[in-house]
Amino acid sequence: MLKLIHSGVSYLVVILVLFTLINSLVKLKSKESYKKNDYIITLTTTLLSIIQLILGVFSYYFSTYYQTLRDAGFKVVMKDATLRLYIVEHPLMMLIAITLIVFGFYKHQKRENDTLKFKTLAWFYGVAFVLILSRIPWEQWFKSL
Ligand code: HEM
């Protein structure tokens with residue numbers, strides 16, 4: 001059940017991070033001012049990412065992968081590409097990406113003008129988006145569709 005929720009929320013997170021990124025780039029280019037809508041979009045993306053982080057931690061704790069880590073040990077896990085992805089790379093990369101999202105949200109609020117706000121969002125959400133895409137377990141995700 002937890003896995004299913006984590007999997008479903010992933011669609012929303014990927015779409016919302018991409019949407020926030022495109023929104024920032026478009027408004028940066030067209031020199032539009034920062035409005036309440038932009039704040040709501042960014043806040044929603046940030047909150048959902050934090051929820052996904054919490055879901056991820058629970059998925060991790062209750063997954064067979066964590067059990068494998070406890071039984072087989074770190075050395076064995078690091079030698080197997082699939083285990084390494086689920087136990088080390090995916091959680092670590094997602095944690096970094098969500099930290100960037102939260103930090104970007106905090107930083108953009110402090111920027112003194114609208115161009116700088118959109119620039120900050122574009123950078124932080126852009127890098128986070130690439131990191132997320134780089135370590136999603138695509139094969140398993142599409143299999144569970
Ligand atoms: C932006 C954040 C995240 C995204 C987009 C994401 C996405 C995904 C996706 C698409 C899957 C495959 C689901 C399926 O097979 O249907 C997955 C599995 C998993 N994720 Fe995440 N994840 C994120 C954060 C995290 C975090 C922070 C952790 C751990 C701390 C984590 C731990 C796991 C684990 C353990 C699995 C395997 C679950 C299982 O097969 O039992 N995820 N994740």
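Residue check: is residue 36 more than 23 Å from residue 143 (Cα to Cα) and among the charged types (D, E, K, R)? Before you say what the answer is, go through the steps one by one.
Details: more than 23 Å from residue 143 (Cα to Cα): yes; among the charged types (D, E, K, R): yes.
Yes; evaluated as a whole, the condition is true for this residue.
Looking at region 127-145 only, could you name the residues that are touching a helix residue (DSSP H, G or I) at 6+ places or on another chain (Cβ under 7 Å), under 14 Å from residue 96 (Cβ atoms) and free of Cβ contacts under 8 Å to residues at least 60 places away in the same chain?
127, 131, 134, 135
Please return the ranges of helices (runs of 4 or more DSSP H) entirely within region 59-145 where 2 or more residues are more than 10 Å from the ligand (Cβ to nearest atom) and surrounded by 19 or more Cβ atoms within 10 Å (Cβ to Cβ). Show your work before the answer.
Numbers: elements: 64-72, 74-79, 81-84, 90-110, 114-134, 138-143.
Filter on region 59-145 gives 90-110, 114-134.
It is to be established whether one or more residues within region 19-35 are part of a helix (DSSP H, G or I) and near the ligand (Cβ under 10 Å from one of its atoms). Break it down stepwise before answering.
Let us first name the residues in region 19-35 that are part of a helix (DSSP H, G or I), namely 19-29.
Remaining after also requiring near the ligand (Cβ under 10 Å from one of its atoms): none.
There is no residue in region 19-35 that is part of a helix (DSSP H, G or I) and near the ligand (Cβ under 10 Å from one of its atoms).
We did not get these values from a lab; they are worked out from the coordinates using the rules stated. Model, not experiment: these values are computed from the prediction. Glycine also receives a Cβ, built like all others from the backbone with ideal geometry; neighbour counts cover every protein chain displayed.
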